[in-house]
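Just so it is clear, none of the values below were taken in a lab; they were calculated from the coordinates. Keep in mind that this is a model prediction, so the values were computed, not measured. Using ideal geometry, Cβ is built from the backbone for each residue, glycine included, and neighbour counts are taken over all protein chains shown.
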């Protein structure tokens, strides 16, 4: 992937502008940076979630690499452009853009705060230091007074009134202990709510919600006839694959379900649906008039859109996608690994 392709992919996303800081280009949405290039423009950087970063690094560690130090822990991920695949980088850029587009623009500093002089700040620091010194002296005096009072009290003879006071104070201490124990479940609950699993699920839900809004805006910009086509296809996919979620990738609407399920978008003269469908000969024969050069489907605008056929396409893609996911799970399981080794020994 070239630097020009990286720049074109970033700027092709909605409302993105190019800026610069510390001598290198960056790409922003709502005045927040979601991607950048180094000064030599050989390495890109994208802001991902921890889960997304792990996904891309495990996918190809020669291309994706966590940034050094705290930046990497925050999700900033390097992209080595020379070895990068445009499709994978485009997906990473889209995820970074979607997450950042959900955040409000950063608050501008007030003129009063921005115009504060160095002398004012230093006098403020000196004032705070003086106040801290006074408080420390006051605590020291209070501590010494309390210590002397306590020692004189110990040396005096205990009276019946003191014993009665102590006996009365004992029951009063019990409610304090029970109230402390009552707080513990609340702390446990807060810890559970902030667990990584819950946080990742919330982020995925937010990303899907943001993608749905982006797709709504994307569809709204087209004429009524095209809007009807896009909304009908969208409804078909949601009916046949209720677990699939909206995703906006490569500047077009799509559906994701543990991987990309289906893309759909209007072009100059046709409605496009891809990737190609495989493994169903009867369906392939019915789709022959609509196949493009690479097998992607093209439904001309000047002909009636065959929605029942598109429904069969969605069903076939869902079957194919689920089979691929099942195969991936089998390969990654210990039993699948043993079965492959056993088969290899049998072949020998």
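Cα gyration tensor of segment 288-328, axes a ≥ b ≥ c as square roots of the eigenvalues: rounded (a/c below 1.5), prolate (a/b > b/c) or oblate? Judged from the Cα gyration tensor, segment 288-328 comes out oblate (a/c at least 1.5, b/c at or above a/b). Volume per residue of the convex hull around the Cα atoms, evaluated for segment 208-335, comes out as 123 Å³.
Label-to-label distance for residue 87 and residue 217 is 2.8 nm, based on points extended 7 Å past Cα in the beta-carbon direction.
Summary of packing: across the peptides 293-299, 248-254, the per-residue average of other C-beta atoms within 10 Å ranks them, highest first, as 248-254, 293-299. Against the empirical 2.2 N^0.38 Å (N residues), segment 1-103 has a Cα radius of gyration ratio of 0.95.
Centre-to-centre separation between the Cα atoms of segment 257-319 and those of segment 8-87: 33 Å.
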